[in-house]
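Here the structure comes first, spelled out in structure tokens, and everything after it is commentary.
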Amino acid sequence: MEILKHIPNRETARGVVTYDAQDLPETQFVQSHVNLNKPCLIKGAVKSWRATQLWRDPDYLSGLVDNPEVRVYGHSNYLDWKSMARNEERATFRQALKRIEANEEGIVSIPSIFCVPDSPFYPLRQDIGVFAFLTQKKAPVFYPQRRFFMYSGAGTAWHYHQIDETLMCQIKGSKRVGLLSPDCAGFKQLNDDLMAYKYLDGPGCFASYKDEIQPFEVVVEEGDSLYIPPFWWHGVEPVDKELGITMAECWASPEYKLADFKKPVLKKLWKEAFSDFGIAKLIMRHGLPAIMSRFKNKELVLKMD
């Protein structure tokens, strides 16, 4: 799956603001990026973690858990289960890691391993450290706090997170990530084309609005973290076919982000509450506080544009 290849204007893609983890104050990270919904790369954010040091050994990693059964895929990660299920197998965690390490198939993926209480993978938390630049955060409202992706050669199709903040942490291996702002003028057509995977067939689907697409692109190396704000489209490709491990760390967004109605993606989300029960629950629980928070934080909301 060539996820980034056909995105228009890659030759002029912008980078994101980059920090060294040890030099990034929490106030700057929160005020300049989380509050304003702007991505950034944090070098060395997880470099000192036990996971980054020890998980390069599959035997050590599999020994942390009781060898549960996992779903294994021979393709990159799609957004819908129908596409994912085309090449789905079951294997023990140890067997799956061995397949990833050998990578005789070209692509092997174990996506979305939840590291939450009552999960067989909860013991993995013992090797996870802390973020010096993020000590104050609330539990996420939509996604699990922590999930892992283990793979070789597998990328992830373009998608965005409906709410919640995310740090994409590279425990092992490096990834190339493309990002598209939620303020893109051609959002509706872009949304339709990306959700239908039309970009996999070539650049033709973007022809009528390619000048409106201004991508960002960044390489997230082993030990780094990429802050991905909610509503930002992102597509991911590994830089090689070695064993790779990514952790997504999530926490609750500032409430006003859910009520930024100038963004087409938010208008779409609220409309979907009439037809999607999960989104309806999200809006019913957090919609009014979001609207009230928007009025209280007018200046911040203006700076998000």
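Assorted remarks:
- Centroid-to-centroid separation of the range 132-206 and the range 89-104 [C-alpha atoms, Å]: 25 Å
- Helix runs (DSSP H) in the chain reaching 18 Å along axis by Cα, Kyte-Doolittle at least 0.0: 277-296
- Percentage relative contact order, the range 157-292, counting C-alpha pairs under 8 Å, at least six apart: 40 percent
- Cα-based reach from LYS47 at 17 Å (exclusive), listing aspartates and glutamates while leaving out same-chain residues under 8 positions away: ASP20, ASP23, ASP57, ASP127, GLU221, GLU222, ASP224, GLU249
- In this calculation the C-beta distance from LYS281 to LYS38 is compared with R0 = 41 Å, giving a FRET efficiency of 0.90.
- Taking the inverse of the mean 1/r over every pair of distinct Cα atoms in the range 1-151 gives a Kirkwood hydrodynamic radius of 18.1 Å.
- Among the listed pairs LYS38/LYS188; LYS137/LYS262; LYS198/LYS241; LYS5/LYS281; LYS82/LYS138; LYS210/LYS281, those beyond 30 Å (Cα-Cα): LYS5/LYS281; LYS82/LYS138; LYS210/LYS281
- Normalised contact order of the range 106-187, rounded percent, pairs of Cα under 8 Å and 6 or more residues apart: 38 percent
- With bins 5 Å wide beginning at 0, the percent of Cα pairs of the range 98-148 falling in each bin runs 4, 15, 18, 20, 19, 11, 7, 5, 1.
- Packing, as the average of other Cβ atoms within 10 Å across residues, places the peptides 153-160, 14-21 in the order 153-160, 14-21, highest first.
- Of HIS161, HIS234, HIS75, the one that fluctuates the most in a GNM where the chain has Cα springs shorter than 10 Å: HIS161
- Evaluated at q = 0.09, 0.18 Å⁻¹: base-10 log I(q)/I(0), Debye formula over Cα of the range 10-253: -0.38, -1.53
- Counting only DSSP beta bridges with both residues in the range 1-138, the antiparallel share comes to about 60 percent.
- Each stretch of four or more DSSP H residues adds -39500 (n - 2.57); spread over every residue of the chain, this sum gives -6500 deg cm²/dmol at 222 nm.
- The slack in the chain from GLU104 to GLU2, taken as 0.36 nm per residue of separation less the alpha-carbon distance, amounts to 34.8 nm.
- Whole-number percent relative contact order across the range 10-253, with pairs defined as alpha carbons under 8 Å at least 6 apart: 30 percent
Every read-out reported here was derived from the displayed coordinates using simple, explicitly stated rules and does not represent laboratory data. Keep in mind it's a predicted model, so treat the numbers as computed, not measured. Here Cβ is always computed from backbone atoms with ideal geometry, including for glycine, and neighbour counts include all displayed protein chains.
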